[in-house]
Amino acid sequence: MRAPGIKRGRRAATLSARLSGHVTLEARADGNIVACLGGYSVGFGQFGAGAAAGAQELRRGLPLGSFASQRRSVEKEINLLVRRLARHGLLEYSLGRPHGEDQVVIEPQLPDYWPQTPPLGNADVLVLSRFAYMRRRGNEMVLESPRAGALFRICSPKTAAALASLSSPQQVKQLRRRNSFPGFELLALLLDCQILFKVDAARDSGLRPAEGDDNLILWDFHDLLFHARSTEGRHANPLGGIYPYAGVMAPLPAVRPRWPGKRIHLRKFSAAQPQAISPAAKLLRSRHSTRRFDDQRPITLAELSRFLDGTARVQTRFSSSAYDGGPELAYAPRPYPSGGGSYELELYPAVDTCEGLARGFYHYDAGGHALVPISVRPHEFDTLLKGAQFAMDAPAAPQILITIAARFGRVSWKYSSIAYALVLKDVGALMQTFYLMANDLGLGGCAIGISNIDLFAKMTGIDFHIEGPVGQFAIGRGMKTEPAG
């Protein structure tokens with residue numbers, strides 16, 4: 001893999017594909033090749049003996065150029081197998097000199113990542129993205145970014161130092177003169193992952209406006225990192241309730257140990273009789289999560305309408321100056337509280353079963369109190385519902401899954417350092433509102449803490465940093481035997 005049109009004074013590094021350390025390949029007698037990992041196996045179809053033999057070389061690594069020509073049938077088969085392995089996130093890529101140590105190892109963070117080397121010229125000016133960072137991971141140094149489709153394991157201190165020098169813009173021809181020049185291949189791979197970006201030397205607009213689009217300008221580093229790493233879809237880290245520290249320390253108690261000092265007992269001030277409890281307090285106490293839904297009695301369109309009307313419909317509109325002498329800012333309050341009156345949250349119901357409403361993916365127009373269908377690929381729609389089912393540990397998909405997405409710029413235009421934290425607080429307020437309204441209507445609901453930001457981007461065509469999911473909520477008619485919890 002080479003960056004086109006560049007003459008090199010030194011031998012180019014070789015980019016190879018190899019199996020991730022936790023994966024083994026098994027060629028079976030019937031020609032099927034199976035990948036085994038963590039007690040699971042994934043089949044990749046039947047291949048010839050030549051491809052099966054070549055596949056075993058993936059443990060050490062196969063140069064991408066060795067099968068990219070596809071002149072022979074065995075090369076075509078190996079390329080097909082490698083592409084399938086890559087789509088499942090089972091490969092990593094090493095860059096280094098032939099028969100030498102790795103310079104870097106590339107670990108995909110997106111399942112469809114494939115290394116690309118866009119063209120670089122001597123006059124190009126490169127600089128590190130402000131979202132890029134290098135950190136220690138175990139005994140390794142890794143370079144990554146929430147915008148990148150892969151992270152780079154840096155195997156050489158010399159390479160790490162060379163990349164650190166790109167904290168200020170550098171012209172490629174100047175970099176080439178240095179003994180520490182990391183090579184065109186690595187620079188191009190980092191450029192493809194948006195860890196590096198090109199600066200237009202003719203435009204002195206500052207590095208922040210020069211990188212990406214206007215929506216990216218509004219993001220602080222820590223906010224975009226938190227968004228990308230705390231949700232599913234743009235990283236390959238373990239995620240969810242896997243009890244990572246069960247063998248390290250005991251769980252914390254459910255109720256905090258009391259502080260020393262004399263307690264002031266409040267029970268005598270609380271209502272002694274159940275009938276004296278207010279309707280709002282009863283609603284709060286009866287709130288619970290529902291994970292099993294009665295598909296013989298699905299939620300109706302009328303009930304969904306009342307639910308959305310009571311929780312998310314725009315109540316009024318007005319405008320006000322953002323600050324003295326500042327621009328006019330429009331507001332559209334809804335039933336739940338929102339930091340600074342931003343109301344940045346949007347609702348996208350994925351309807352599996354609803355009486356009076358076709359199965360499909362919709363956007364809720366909170367201003368017009370209407371549902372607008374969005375055309376999506378069937379397998380992506382099914383993946384969305386299955387992901388929710390898995391996250392809830394439920395026997396079936398929910399009748400309706402509401403993805404809560406945020407228009408991030410609505411908050412970050414005003415707030416610095418706390419923008420993403422405010423978004424998450426708004427999500428919590430909205431989820432409680434959902435619970436109370438669902439309970440009031442005799443419906444069941446369940447908040448879901450995981451959402452796939454990359455899947456949402458594919459379904460909507462919206463870049464993940466412009467508008468993306470920050471929560472999900474399942475709703476429908478619960479089974480009568482559903483326990484409270």
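If you go through region 460-471 and keep only what is in contact (Cβ under 8 Å) with a residue 12 or more places away in the chain, open to solvent by 10 Å² or more (accessible area, probe 1.4 Å) and not acidic (Asp, Glu), you end up with THR460, PHE464, HIS465, ILE466, VAL470.
Within the bounds of region 23-34, is there any residue that is open to solvent by 60 Å² or more (accessible area, probe 1.4 Å), within 18 Å of PRO108 (Cα to Cα) and either at pLDDT 90 or above or touching a helix residue (DSSP H, G or I) at 6+ places or on another chain (Cβ under 7 Å) (or both)?
Of region 23-34, the ones open to solvent by 60 Å² or more (accessible area, probe 1.4 Å) are 24, 26, 28-30.
This time we only want the ones that are within 18 Å of PRO108 (Cα to Cα), so: 24.
From what's left, either at pLDDT 90 or above or touching a helix residue (DSSP H, G or I) at 6+ places or on another chain (Cβ under 7 Å) (or both): 24.
Among the residues of region 23-34, at least one is open to solvent by 60 Å² or more (accessible area, probe 1.4 Å), within 18 Å of PRO108 (Cα to Cα) and either at pLDDT 90 or above or touching a helix residue (DSSP H, G or I) at 6+ places or on another chain (Cβ under 7 Å) (or both), which makes the answer yes.
So which of ALA148, ALA132, ALA162, ALA188 is farther than 30 Å from ALA421 by Cβ, touching a residue at least 40 places away in the same chain (Cβ under 8 Å) and not aromatic (Phe, Trp, Tyr)?
Values: ALA148 fails: farther than 30 Å from ALA421 by Cβ; ALA132 fails: farther than 30 Å from ALA421 by Cβ; ALA162 fails: touching a residue at least 40 places away in the same chain (Cβ under 8 Å).
Criteria check complete, one pass: ALA188.
Cβ-Cβ distances below 7 Å connect the following pairs, each with a first residue in region 344-357 that is polar (S, T, N, Q), a second residue that is open to solvent by 20 Å² or more (accessible area, probe 1.4 Å), and a separation of six or more residues or different chains: THR353/ASP295; THR353/PRO298.
Going through region 35-55 one residue at a time, which ones are surrounded by 13 or more Cβ atoms within 10 Å (Cβ to Cβ), under 32 Å from the mean Cα position of the chain (by Cα) and either of a type in the set (Ser, Thr, Tyr) or farther than 14 Å from GLU75 by Cβ (or both)? Give the steps one after another, and end with the answer.
Taking region 35-55 first, the residues surrounded by 13 or more Cβ atoms within 10 Å (Cβ to Cβ) are 35-37, 42, 44, 46-48, 50-55.
If we keep only those that are under 32 Å from the mean Cα position of the chain (by Cα) too, we end up with 35-37, 42, 44, 55.
Those that are surrounded by 13 or more Cβ atoms within 10 Å (Cβ to Cβ), under 32 Å from the mean Cα position of the chain (by Cα) and either of a type in the set (Ser, Thr, Tyr) or farther than 14 Å from GLU75 by Cβ (or both): ALA35, CYS36, LEU37, VAL42, PHE44.
Criterion first (open to solvent by 70 Å² or more (accessible area, probe 1.4 Å), farther than 20 Å from ILE448 by Cα and at pLDDT 95 or above) does ARG313 satisfy it? Yes: the conditions hold for ARG313.
Just to be sure, is SER319 among the polar types (S, T, N, Q) and assigned to a strand (DSSP E or B)? Yes; evaluated as a whole, the condition is true for this residue. In a residue-by-residue description of region 321-331, the property of being within 22 Å of ILE418 (Cβ to Cβ) and open to solvent by less than 30 Å² (accessible area, probe 1.4 Å) applies to at least one position. A count restricted to region 347-394 and to residues that are open to solvent by 20 Å² or more (accessible area, probe 1.4 Å) and under 17 Å from GLY445 (Cβ atoms) stands at 5.
Filter region 211-240 for residues that are of a type in the set (A, V, I, L, M, F, W, C) and surrounded by fewer than 17 Cβ atoms within 10 Å (Cβ to Cβ); which is farthest from LEU187 (Cα to Cα)? So, considering only residues that are of a type in the set (A, V, I, L, M, F, W, C) and surrounded by fewer than 17 Cβ atoms within 10 Å (Cβ to Cβ), the one farthest from LEU187 (Cα to Cα) is LEU239. Of the helices (runs of 4 or more DSSP H) contained entirely in region 41-116, those carrying at least 1 residues that are among the polar types (S, T, N, Q) and without any contact (Cβ under 8 Å) to a residue 24 or more places away in the chain fall at 65-68, 73-87.
Consider region 118-148. How many of its residues are open to solvent by 10 Å² or more (accessible area, probe 1.4 Å) and closer than 21 Å to HIS222 by Cβ? Give the steps one after another, and end with the answer.
Restricting attention to region 118-148, the residues satisfying the condition of being open to solvent by 10 Å² or more (accessible area, probe 1.4 Å) are 118-119, 121-125, 128, 130, 132-141, 147.
This time we only want the ones that are closer than 21 Å to HIS222 by Cβ, so: 128, 130, 132-137, 141, 147.
Qualifying residue count for the region: 10.
Among the residues making up region 383-425, a single one is within 21 Å of TYR336 (Cα to Cα) and touching a Cys at 6+ places or on another chain (Cβ under 9 Å): ILE400.
The values are calculated or read from the model by the stated rules, or taken from the named source; none is laboratory data. Predicted model, so just to flag it, every value in this text is computed and none were measured. In this analysis, Cβ positions are derived from the backbone assuming ideal geometry, glycine residues included, and neighbour counts consider all displayed protein chains. Side chains are part of the model used for accessible areas, which takes the heavy atoms of the whole protein and leaves out ligands, DNA and RNA. Shrake-Rupley method; radii C 1.70, N 1.55, O 1.52, S 1.80 Å.
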